[in-house]
Amino acid sequence: MVTQLDAKSRQFIDGLKQIQLRSQRAQQQITSGRRVNKPSDDPGSIPEILGLQGNLQHVQQTRTGLQRVQTELQTADTALQQATSLMDRAATLGAQANSDILDSDKRKTLAQEVRQVQDSLLALSQTNVNGRYIFSGDSDQIAQYQANPASPTGVWQVQTVTATRQVAGLDKQTFSVDRTASEIFDARQADGAVAGSNAFAAIQRLATALETNDMAALPDILQKVREAGTHINQELSHYGVSENRVTEQLDFAQKVELQFTARLSEVRDTDTTQAILDLTQSGQHLQAAIAARGQIPRSTLFDILG
C-alpha cells in the first residue's frame with residue numbers, strides 16, 4: 001500500500017499543480033480574451049472593473065436615448081423643410097390666381113391644388129416616429145390636429161398640448177427639443193385669436209377665396225401665406241440648433257465611451273502575447289519537471305513499501 005509522501009515528493013507534486021494552474025489560467029485567458037474572468041483572478045481590480053462597466057452602461061444608455069432624439073429631430077427638420085416648400089407652392093398658386101387673365105373656373109382648378117397643399121400640411125403636422133407624434137409634445141400618442149373643412153383654419157385641434165421634455169447629455173446639461181404643431185402651424189395671438197402667421201388659416205383662406213373667386217381678398221391672403229411660411233422657417237431653425245446640440249452630445253459620449261472601454265481593456269482583458277508566453281513556458285516547465293522526476297529514486301518520491 002502507499003503511505004504518506006515525504007517532504008520532497010509533496011513539494012514536487014505541489015510544484016506540478018502550480019504549473020498546471022498557470023497553464024490552465026493562460027489557456028482560459030487566451031480563449032475568453034479576458035485576464036480577469038472571476039474575482040479570484042485579481043481581487044484588487046474588481047472594484048475598478050465594476051465601476052467601469054457601470055459607467056459604460058450609463059454612457060451607452062445615454063447614447064441610445066440621444067440617437068432616438070436625433071432621429072426625431074432629423075425627421076422634424078425634413079418635415080418642416082417640406083412644409084416651407086408647401087407654403088412657397090401655395091404662394092405661387094395664389095399669385096397665379098391673382099391675375100385678370102384667369103376666370104373663376106381656372107381659379108377653382110388652382111384651388112384644388114391648394115387643397116392638396118392643405119392636406120399635405122396637415123399630414124406633416126401628424127408626423128410619427130416610432131409610434132410617437134413628434135409635434136404633439138407631452139401627449140405624443142395622438143396627433144394634435146385632424147381635418148375639419150368647416151373650421152376657419154380647416155382643422156380641428158384634438159387636444160391642447162405642451163412640450164416640456166428635456167434632453168440630458170453626459171455633461172448633465174439639459175435642453176428642450178420639442179415644438180408642438182400648434183406652435184408651428186397654428187400660431188395664435190396672446191388672446192387666442194388667429195395670428196397672421198397661422199399656416200392652417202392662411203391656406204384655408206386661400207383655398208376658399210379661389211373657390212369663391214374672391215379676388216379682393218387675395219392680396220391680404222397672400223401676405224398671410226408668406227408670413228406663415230416665414231414663421232415655419234423660423235421654427236425650422238429651432239430644430240437645426242437642437243440637432244447641433246444633440247450631435248455635440250453624441251460626439252462627447254462617443255469619446256467618453258472610448259476612454260472607458262480602453263481603460264476596461266487595460267484592467268480586464270488578456271495580454272495575449274504574455275498569455276501565450278505563459279502557456280508555452282508552463283508546458284516547458286511541466287516537461288522539465290516530469291523529466292526531473294524520472295531521475296529521482298522512487299524511494300524518495302513514493303514510499304511504496306507498505
Here the gain from full extension of Arg132 to Asn148, 0.36 nm per residue of separation minus their alpha-carbon distance, amounts to 3.5 nm
Using r as the Cβ-Cβ distance of Val267 and Gln67, and R0 as 25 Å, what FRET efficiency do you calculate, to the nearest 0.05? 0.35
Cβ-placed point charges (K, R +1; D, E -1), dipole of region 101-164 about Cα centre in debye, nearest 20: 120 debye
Equivalent ellipsoid, region 115-231 (semi-axes from 5 times Cα gyration tensor eigenvalues, Å): 30, 15, 12
Using a 1.4 Å probe over the heavy atoms of the protein chains, calculate the carbon and sulfur portion of the accessible area of region 97-229 as a whole percent. 48 percent
Cα-projected label distance for Gln141 with Lys108, points at 7 Å along beta-carbon direction, nm: 4.5 nm
Nearest 0.05, what FRET efficiency do Ser99 and Glu248 give at R0 = 35 Å with Cβ-Cβ as r? 0.10
Computed on Cα atoms only, the convex hull of region 230-269 has an orientation-averaged projected area in nm² of 2.6 nm²
Could you give the nm distance between label points at Ala217 and Ala123, where each point is 7 Å from its Cα heading toward the beta carbon? 2.6 nm
State to the nearest 20 debye the size of the charge dipole of region 181-245 about its Cα centre, where the only charges are +1 on K and R beta carbons and -1 on D and E beta carbons. 100 debye
Ala190/Gln57 FRET efficiency (R0 51 Å; Cβ-Cβ; nearest 0.05): 0.65
Would you mind checking region 197-226 for residues with the amide N under 11 Å from a putative spin-label position 7 Å along Cα→C-beta of Asp88? none
Using the Cβ atoms and a cut-off under 14 Å, what net charge is assigned to the surroundings of Val114, where Lys and Arg are +1 and Asp and Glu are -1? +2
In nm, the gap between the two label points placed 7 Å beyond Cα toward Cβ at Glu48 and Asp171 is 2.8 nm
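The values are calculated or read from the model by the stated rules, or taken from the named source; none is laboratory data. Not measured: the values here are computed from a predicted model. Neighbour counts are summed over all protein chains in view; Cβ atoms, including those assigned to glycine, are modelled from backbone coordinates with ideal geometry. SASA here: full protein model, heavy atoms, side chains in, ligands and nucleic acids out. Shrake-Rupley method; radii C 1.70, N 1.55, O 1.52, S 1.80 Å.
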